[in-house]
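Reading through the structure tokens given below for one structure.
The values are calculated or read from the model by the stated rules, or taken from the named source; none is laboratory data. These numbers come from a predicted model, not from an experiment. Please note: Cβ atoms are built from the backbone with ideal geometry, for glycine as well, and neighbour counts cover all protein chains shown. Side chains included, ligands, DNA and RNA excluded: accessible areas come from the protein's heavy atoms. Shrake-Rupley method; radii C 1.70, N 1.55, O 1.52, S 1.80 Å.
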Amino acid sequence: MNIEQKLNEYKENIETLAEIDSLEVYQWLMKLGEKLADDPLGKDKHIMENKVTKCQYDMYVDIEDNRFKAWSKAMIAGGYAYVLIDIFNRLDDEERKKITVEHFQKIKLDELLTLNRQTGFYQMIEIMLKKVHTA
């Protein structure tokens, strides 16, 4: 699977939910946020280097067991963390290195988030991109 295919999958899902009601997107994100608890980032990785500081609640992201993982107290932020992790983890190393912030603008999830959540969303992408390029 390539980046465009995965982004289109999420974009279509977000558009469908948003057509019903923007609250549907938030409910969907909260359900995805619950899934982070299935395989969370280890507590030893909850360090400043991995912290999404622009998130209102504690949230961390890092590579563990050769995959991105995250942990968050916030359900909506956890939902967008799940989306980002799913996208990054479905791609091989070469595809990951091609990802840019602009790719994530295509799914238009940011347009449905509050300003505070948008800044956390984009900071998390930047952290993940940095880890991809330094791994």
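Worth pointing out:
- Set R67, R96, R90, R117: member being farther than 23 Å from K31 by Cα and not small (G, A, S): R96
- Looking only at the range 65-100, residues that are in contact with a Lys or Arg (Cβ under 6 Å, 6 or more places away or on another chain) and either closer than 19 Å to H46 by Cα or hydroxyl-bearing (S, T, Y) (or both) come to 1 in all.
- Contact map, the range 41-55: first residue within 12 Å of M124 (Cα to Cα), second residue acidic (D, E) and not in a loop (DSSP other than H, G, I, E, B), Cβ cut-off under 9 Å, separation 6 or more or different chains; pairs are E49/D62; N50/D62.
- Among residues of the range 1-53 being of a type in the set (V, I, T) and over 19 Å from G78 (Cβ atoms), the one that is modelled with the lowest pLDDT is I3.
- Every residue from the range 105-121 that is free of Cβ contacts under 8 Å to residues at least 24 places away in the same chain and closer than 16 Å to I87 by Cβ: Q105, D110
- Every residue from the range 19-66 that is in a helix (DSSP H, G or I) and open to solvent by less than 30 Å² (accessible area, probe 1.4 Å): V25, L29, L32, G33, L36, N50
- Residue that is most open to solvent (accessible area, probe 1.4 Å), among those in the range 1-18 that are of a type in the set (A, V, I, L, M, F, W, C) and touching a residue at least 24 places away in the same chain (Cβ under 8 Å): M1
Per-residue answers, yes or no, for (1) open to solvent by 40 Å² or more (accessible area, probe 1.4 Å); (2) at pLDDT 95 or above; (3) among the β-branched types (V, I, T):
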site: Y82; (1), (2), (3): yes, yes, no
site: D93; (1), (2), (3): yes, no, no
site: T100; (1), (2), (3): yes, no, yes
site: H103; (1), (2), (3): no, no, no
site: I107; (1), (2), (3): no, no, yes
site: L115; (1), (2), (3): yes, no, no
site: T119; (1), (2), (3): yes, no, yes
site: Q123; (1), (2), (3): no, yes, no
site: L129; (1), (2), (3): no, yes, no
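- Filter pass, K69 being touching a residue at least 12 places away in the same chain (Cβ under 8 Å), open to solvent by less than 80 Å² (accessible area, probe 1.4 Å) and not in a helix (DSSP H, G or I): yes
- Flag if K6 is of a type outside the set (A, V, I, L, M, F, W, C), in contact with a Leu (Cβ under 8 Å, 6 or more places away or on another chain), in a helix (DSSP H, G or I) and farther than 13 Å from M124 by Cα: yes
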